[in-house]
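Just below is one structure, and these are the notes that go with it.
The values are calculated or read from the model by the stated rules, or taken from the named source; none is laboratory data. Predicted model only: the values in this text are computed from it and were never measured. Backbone-built Cβ (ideal geometry, glycine too); neighbour counts: all protein chains shown.
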Amino acid sequence: MDDKLVIAGKEFSSRLFLGTGKFSSNEVMAKAIEASGTEMVTLAMKRIKLSDSSDDMLQHIAKPNIQLLPNTSGVRNAEEAVFAAKMAREAFGTNWLKLEIHPDPRYLLPDPVETLKATEQLVKDGFVVLPYCQADPVLCKRLAEAGAATVMPLAAPIGTNRGLVTLDFLQAIIEEATVPVVVDAGIGAPSDAAKAFEIGASAVLVNTAISVAANPVEMAVAFKEASVAGRRAYLAGLGAQSADFSAQASSPLTSFLND
Amino acid sequence: MFSDVIRKIDWEETTERIMSMTDADVRRALGKSRCDVDDFMAMISPAAAPYLEQMAALSQKYTRERFGKTINMFIPIYITNSCSNSCVYCGFHVENKIKRIILKEDEIVREYQAIKQLGPFDNLLIVTGENPAMAGVPYLAKALDLAKPYFNNLQIEVMPLKSEEYAELRKHGMNGVICFQETYHEANYKKYHPRGQKSIFEWRVNGFDRMAQAGVHKIGMGVLIGLEDWRTDITMMAYHLRYLEKNYWRTQYSVNFPRMRPSENGGFQPNVVMSDKELAQVTFAMRIFDHDVDISYSTREPEFIRNNMAALGVTTMSAESKTDPGGYACYPQSLEQFHINDDRKTADVVAALRARGLEPVFKNWDSSFDHEEMLLAK
């Protein structure tokens, strides 16, 4: 089945993206990346020694089949993000960028105003921008209009593992999308990932649910399989969920039509 | 300013409320996903002592979610022990007949280089006594400038400054400020800090507002355990933390509760002692109260506490710290501010964390994030 995900002209066979924070070691992280079959991995530039190409964490992430997706976690406004993005482009040799602007260090919720501003500027500067954003359908339209390569609306606050808390909004975003929709943040279990695909998400990004699992490598496999299953189900066309049609013996609302 | 807030909170009443918390109050607090200060009081009260194991599990869960299996590493550097204050518990007390050192520029650089030999430290905490005339803002600015080639994340722990002074230091790459209130007991505060600028409670307690107003990214708070009733003191810090988070929501916060040891400074004996169990209880309570606050344990705490608490709620640690100016390279024998209890090598701390399935994170900030301030400086 040819079902490639295409972002900015680049094809991906895997629709599972991985984050690289919170792992118990770089070795475990590398194994989880491999087991997940992912081809897109995001990494926080704040964690990497930018001037050092032998940085241990980077060494464990950078592989020929992996698209590096540096993120700007730590910046608080568009100006800082644009500056950091340029540093990242130079350090990692890629113009792909996960734009993260969350000025609130408690809930790490993205600033919609600054994110849109930065997206506009970064697209002009030649970046492939994948912005992390609220599950706000209007904002997602605005980001796509500004030239974002995807939108990355959140399912729940980062790290909470609470699943598709924003389900209704994600459905609206997917329904209206002109760019791939990557459901990011808050996905806590493989069933959440499967559900995101079933409603039509193009990809999911998972980090905490894998990195803090008792066995991160096994969990990476579980997410890989759930992603494939969810996507297949979506393509196969889910049967309509039946409301309770059968049990109605009489027709109290429409019996007058039979008279 | 926080002084207006804290003056409306009665110390004795608060103590009474904490001590009269019941089993039901504790259960209610532990059942909530978002706790308020009342819940915090229940969790640090004696009534919560039987729930230590449950609290540990909750604390671990929240810590994992928010911080993962990682511990952020930092290292302090004392660049001067000169001080005009006379804090009764402190080794740098103005009347202590010790050799006073203000590290010169080349000495500071030698210290930085020596630190880099200990481990891949990238988060540096620059510490001073209070001597604005000889080691004031220009001296700190210089120390920050000199640190930039070696460290991405620069924090300071110095006397409270004016808002514009914090803003000035941001231009030199300063990312965070740590300042311990020591105690929130205003009436007794002056007893412990009889002289110098530090004797002014309000100046110190409002320092945090000034830091945040100057746009400091990260603010560290602390109560020195050993002065006043620790339960009440830390409750006041919880009020303070909530106040700051509400008013300055772009800032990240960390909390410390260093325990004073009976032997420090020879003279001063702590008024209250916090047991290891109580330290664990208050750490868990703080994490359940605030899932996102950074909880820091220094080398004041012994090895077994640091090793075990690392997986349960603590998120930041130092290693191989010297608390005397020049201690890393220039003057290995000068006087410490306090005695450390965990003198393991950095590699041993790292190995112990790894053995517990935790990744020690040395770099978690990039100096390019501070570029705006640096550009302004030019």
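Kindly indicate whether B:Ala310 is under 23 Å from B:Leu58 (Cα atoms), surrounded by 18 or more Cβ atoms within 10 Å (Cβ to Cβ) and at pLDDT 95 or above. In short, no.
Of all residues in segment A:1-47, those satisfying the criterion of being closer than 20 Å to A:Gly188 by Cβ and within 14 Å of chain B (Cβ to nearest Cβ) are A:Leu18, A:Gly19, A:Thr20, A:Gly21, A:Lys22, A:Phe23, A:Ser24, A:Val28, A:Met29, A:Ala32. Pull up segment A:52-83, narrow it to residues that are under 15 Å from A:Lys117 (Cα atoms) and not acidic (Asp, Glu), then point me to the one that is nearest to the chain's Cα centre (by Cα). Result: A:Thr72. For the residues B:Met73, B:Met41, the requirement of being within 30 Å of B:Tyr331 (Cα to Cα), modelled with pLDDT of 95 or more and either within 14 Å of another protein chain (Cβ to nearest Cβ) or in contact with a helix residue (DSSP H, G or I) (Cβ under 7 Å, 6 or more places away or on another chain) (or both) singles out B:Met73.
The set of residues in segment A:1-42 that are touching a Phe, Trp or Tyr at 6+ places or on another chain (Cβ under 8 Å), surrounded by 19 or more Cβ atoms within 10 Å (Cβ to Cβ) and hydrophobic (A, V, I, L, M, F, W, C) comprises A:Leu5, A:Leu16, A:Met29, A:Ala32, A:Met40, A:Val41.
Taken as a whole, the condition of being more than 14 Å from chain A (Cβ to nearest Cβ), surrounded by fewer than 20 Cβ atoms within 10 Å (Cβ to Cβ), over 27 Å from B:Ala351 (Cα atoms) and under 18 Å from the mean Cα position of the chain (by Cα) does not apply to B:Glu107.
On the stretch given as segment B:210-228, residues that are surrounded by fewer than 18 Cβ atoms within 10 Å (Cβ to Cβ) and away from chain A (no Cβ under 13 Å) total 1. Candidates are the residues of segment A:157-173 that are among the hydrophobic types (A, V, I, L, M, F, W, C) and within 14 Å of chain B (Cβ to nearest Cβ); the one that is surrounded by the fewest Cβ atoms within 10 Å (Cβ to Cβ) is A:Val165. When we screen A:Ala148, A:Ala144 for residues that are assigned to a helix (DSSP H, G or I) and under 25 Å from A:Thr38 (Cα atoms), the only hit is A:Ala144. The listed residues are B:Met159, B:Met221, and the only one of them that is touching a His at 6+ places or on another chain (Cβ under 7 Å) and within 24 Å of B:Asn81 (Cβ to Cβ) turns out to be B:Met221.
Across segment A:84-116, the number of residues qualifying as within 11 Å of chain B (Cβ to nearest Cβ), within 16 Å of A:Ile48 (Cβ to Cβ) and not aliphatic (A, V, I, L, M) comes to 2. Taking (1) among the hydrophobic types (A, V, I, L, M, F, W, C); (2) within 14 Å of chain B (Cβ to nearest Cβ); (3) in contact with a helix residue (DSSP H, G or I) (Cβ under 8 Å, 6 or more places away or on another chain) in turn, A:Val129 satisfies each apart from (2).
Taking segment A:67-81 as the range and being aliphatic (A, V, I, L, M) and more than 10 Å from chain B (Cβ to nearest Cβ) as the test, the residues that pass are A:Leu68, A:Leu69, A:Ala78. Residue count for segment A:73-93, restricted to those that are in contact with a strand residue (DSSP E or B) (Cβ under 6 Å, 6 or more places away or on another chain) and under 25 Å from A:Val28 (Cα atoms): 3. For segment A:13-40, the tally of residues that are within 21 Å of B:Trp365 (Cβ to Cβ) and of a type in the set (A, V, I, L, M, F, W, C) stands at 2. Filtering segment A:194-213 for residues that are more than 13 Å from the chain's Cα centre (by Cα), in contact (Cβ under 8 Å) with a residue 40 or more places away in the chain, within 14 Å of chain B (Cβ to nearest Cβ) and in a loop (DSSP other than H, G, I, E, B) leaves a non-empty set.
Name the residue that is modelled with the lowest pLDDT, counting only residues in segment B:177-197 that are surrounded by fewer than 16 Cβ atoms within 10 Å (Cβ to Cβ) and in a loop (DSSP other than H, G, I, E, B). Looking at residues that are surrounded by fewer than 16 Cβ atoms within 10 Å (Cβ to Cβ) and in a loop (DSSP other than H, G, I, E, B), I get B:Arg195. Within segment B:52-64, can one find any residue that is within 14 Å of chain A (Cβ to nearest Cβ), closer than 23 Å to A:Tyr107 by Cβ and not in a helix (DSSP H, G or I)? Checked segment B:52-64: no residue is within 14 Å of chain A (Cβ to nearest Cβ), closer than 23 Å to A:Tyr107 by Cβ and not in a helix (DSSP H, G or I). Please determine, by comparing only the residues of segment B:285-311 that are away from chain A (no Cβ under 14 Å) and part of a loop (DSSP other than H, G, I, E, B), which one is farthest from B:Leu125 (Cα to Cα). Among residues in segment B:285-311 that are away from chain A (no Cβ under 14 Å) and part of a loop (DSSP other than H, G, I, E, B), the one farthest from B:Leu125 (Cα to Cα) is B:Pro302.
Counting only strands (runs of 3 or more DSSP E) wholly contained in segment A:1-104, the ones carrying 1 or more residues that are at negative phi, charged (D, E, K, R) and touching a residue at least 40 places away in the same chain (Cβ under 8 Å) occupy A:10-12, A:96-99. Based on this model, can you work out whether A:Leu122 counts as free of Cβ contacts under 8 Å to residues at least 40 places away in the same chain and surrounded by 21 or more Cβ atoms within 10 Å (Cβ to Cβ)? The answer is no for A:Leu122.
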